């Protein structure tokens with residue numbers, strides 16, 4: 001929950017943040033989705049810096065949601081169905097550490113839910129490469145990255161829905 005206690009927050013990385021943002025923004029109960037970077041060691045990195053692969057950051061999204069209309073688990077499961085959690089080192093044609101699949105948990109409940117959902121997929125025979133990591137500082141990407149597909153009238157090329165749960 002945010003400091004006001006009204007909304008929940010989730011942070012996911014699954015390839016290019018444009019596609020993850022596009023699909024999660026459409027989920028019921030989602031208030032906002034911000035594209036950005038997390039998981040690295042450079043303060044306030046630019047997109048250009050992250051693309052060098054030297055900052056340690058992943059392209060990620062920060063989701064603010066209404067917990068009366070959806071749950072962290074529903075959003076996590078959608079995230080795991082809109083990207084390939086078995087691909088290592090990128091997503092689709094986007095290759096590089098900044099495109100890795102990772103769940104950044106904000107509390108012990110989120111960590112437990114993430115472990116449970118990944119185990120469900122493992123038990124279905126999937127070789128999961130998605131990491132579960134304690135969230136660090138999230139940095140918003142430049143303005144032109146926000147709502148990219150909506151602004152440009154295009155559709156994601158690295159992300160598509162695949163029923164897994």
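The values are calculated or read from the model by the stated rules, or taken from the named source; none is laboratory data. Treat the numbers as computed from the prediction; the structure is a model and nothing was measured. Every residue, glycine among them, receives a Cβ derived from its backbone with ideal geometry; neighbour counts consider all protein chains shown.
Based on this model, can you work out whether residue 37 counts as more than 17 Å from residue 165 (Cβ to Cβ), out of contact with any helix residue (DSSP H, G or I) (no Cβ under 8 Å at 6 or more places or on another chain) and either crowded, with 17+ Cβ neighbours inside 10 Å or in contact (Cβ under 8 Å) with a residue 12 or more places away in the chain (or both)?
No, not satisfied.
Considering every residue within the range 31-45, establish whether at least one is closer than 20 Å to residue 156 by Cβ and modelled with pLDDT under 95.
Checked the range 31-45: no residue is closer than 20 Å to residue 156 by Cβ and modelled with pLDDT under 95.
Go through (1) at pLDDT 95 or above; (2) within 23 Å of residue 147 (Cα to Cα); (3) in contact with a helix residue (DSSP H, G or I) (Cβ under 8 Å, 6 or more places away or on another chain); (4) surrounded by fewer than 20 Cβ atoms within 10 Å (Cβ to Cβ) for residue 83 and report which single condition fails.
Just one mismatch for residue 83, condition (4).
Please identify the pairs in which a residue from the range 1-16 that is loosely packed, with under 12 Cβ neighbours inside 10 Å has its Cβ atom under 7 Å from the Cβ atom of a residue that is at pLDDT 90 or above and part of a loop (DSSP other than H, G, I, E, B), counting only partners at least 6 apart or on another chain.
From the range 1-16, the pairs are 1/7.
Tell me, please, whether a residue that is within 13 Å of residue 156 (Cβ to Cβ), within 11 Å of the chain's Cα centre (by Cα) and crowded, with 23+ Cβ neighbours inside 10 Å can be found in the range 88-95.
Within the range 88-95, none of the residues are within 13 Å of residue 156 (Cβ to Cβ), within 11 Å of the chain's Cα centre (by Cα) and crowded, with 23+ Cβ neighbours inside 10 Å.
Mind telling me which of the residues 142, 102 ends up being under 24 Å from residue 49 (Cα atoms), in contact (Cβ under 8 Å) with a residue 60 or more places away in the chain and exposed (fewer than 13 other Cβ atoms within 10 Å of the Cβ)?
Answer to the selection: 142.
With the condition kept exactly as written, say whether any residue in the range 50-67 is modelled with pLDDT of 95 or more, more than 21 Å from residue 126 (Cβ to Cβ), buried (at least 16 other Cβ atoms within 10 Å of the Cβ) and over 17 Å from the mean Cα position of the chain (by Cα).
yes
For the range 95-113, give me each residue that is assigned to a loop (DSSP other than H, G, I, E, B) and more than 18 Å from residue 9 (Cα to Cα).
Hits for the range 95-113 are 96, 100.
Of everything in the range 114-161, what is more than 23 Å from residue 97 (Cβ to Cβ) and either in a loop (DSSP other than H, G, I, E, B) or modelled with pLDDT under 95 (or both)? Give them in sequence order.
Of everything in the range 114-161, those that are more than 23 Å from residue 97 (Cβ to Cβ) and either in a loop (DSSP other than H, G, I, E, B) or modelled with pLDDT under 95 (or both) turn out to be 124, 125, 143, 147, 149, 150, 151, 152, 153, 154, 155, 161.
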